[in-house]
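Contents: one structure, followed by commentary.
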Amino acid sequence: MSTRSNIRIQSGNRKFQIYRHWDGYPEGVVPDLQEFFAWNKGRNDDLSYTIANFFYFFKRSAEENEVEQRKEDKRIEEFTGPSWKNPTHLSGILTGYGIVEAQDPEPETWIEWFYVADLDEKTITCYEVGRTDPLKCEHAELVFHSKHTLVAPEKRLLANGIAVVGNKIFEVPSKTTPGQTYTVTLEPAHCNCAGFKYRKTCSHLKAAITASGEAVAQ
Ligand SMILES: [Zn+2]
């Protein structure tokens, strides 16, 4: 099923917005964006070239996947048409991305997630689009979910299995579910676990604070 999201890419007071039709939750979008910004690093200082490269990058990825798929399907002869400009060739491959007009105030009501990639701040901020009245789409609001670095930096391992990504974002393992981690930030104090939503604090946040203190003391 599609999970629809909008991705705003901004720099200074300029902003463009991209629609993503598929897998719009943070676990799907953030790694894709970080992979793109890592590849685009020479042009992350320029909004218009970045946006242009964005569509090139994901179209090319989609084409490469399609070619691989067709090779596996032994349909390679369909792919080797006379020219890549042939409309029956690769142009019809869907990336699921499109340009939309940036709207204020956010959010658009028919999306489920909203992202802000800030080229100056070098961060990606994730918001869930909450609806105060599920029957009335117009009452949508952005609920802060988590903050990430524009390009995934090296992870450093701290005490108790906690990792810190670029000094500011902590990955704290769940005590009950092996393999699951929660994303914690200290400023603002936030964890994406269910408990934090209600209590505004949780064991993961406390563990991250302790681990960051110990890291500073080293
Ligand atoms: Zn938590």
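The values are calculated or read from the model by the stated rules, or taken from the named source; none is laboratory data. Values in this document were obtained by computation on a predicted structure and should not be read as measured data. Reconstructed Cβ throughout: ideal geometry from the backbone, glycine too, with neighbour counts over all protein chains shown.
Residues in the stretch 2-50 that are among the hydrophobic types (A, V, I, L, M, F, W, C), farther than 20 Å from K147 by Cα and either buried (at least 18 other Cβ atoms within 10 Å of the Cβ) or in the same structural domain as G166 (by TED's automatic domain parsing) (or both): L47 only. Is it true that A140 is in the same structural domain as P31 (by TED's automatic domain parsing) and small (G, A, S)? In short, yes. Across the stretch 147-179, what is the number of residues that are charged (D, E, K, R), over 17 Å from E214 (Cβ atoms) and not in a strand (DSSP E or B)? Selection size over the stretch 147-179: 2.
Take the residues in the stretch 163-187 that are closer than 23 Å to T123 by Cβ and within 12 Å of the ligand (Cβ to nearest atom); name whichever of them is surrounded by the fewest Cβ atoms within 10 Å (Cβ to Cβ). Per the criteria, the residue is T181.
Does the stretch 188-211 include one or more residues that are away from the ligand (no atom under 12 Å from the Cβ), in a loop (DSSP other than H, G, I, E, B) and surrounded by 12 or more Cβ atoms within 10 Å (Cβ to Cβ)? Within the stretch 188-211, none of the residues are away from the ligand (no atom under 12 Å from the Cβ), in a loop (DSSP other than H, G, I, E, B) and surrounded by 12 or more Cβ atoms within 10 Å (Cβ to Cβ).
For every residue, the table says whether it meets (1) buried (at least 19 other Cβ atoms within 10 Å of the Cβ); (2) at pLDDT 90 or above; (3) within 16 Å of H190 (Cβ to Cβ).
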{"position": "D120", "(1), (2), (3)": "no, yes, no"}
{"position": "T123", "(1), (2), (3)": "no, yes, yes"}
{"position": "C126", "(1), (2), (3)": "yes, yes, yes"}
{"position": "A152", "(1), (2), (3)": "no, no, no"}
{"position": "G161", "(1), (2), (3)": "no, yes, no"}
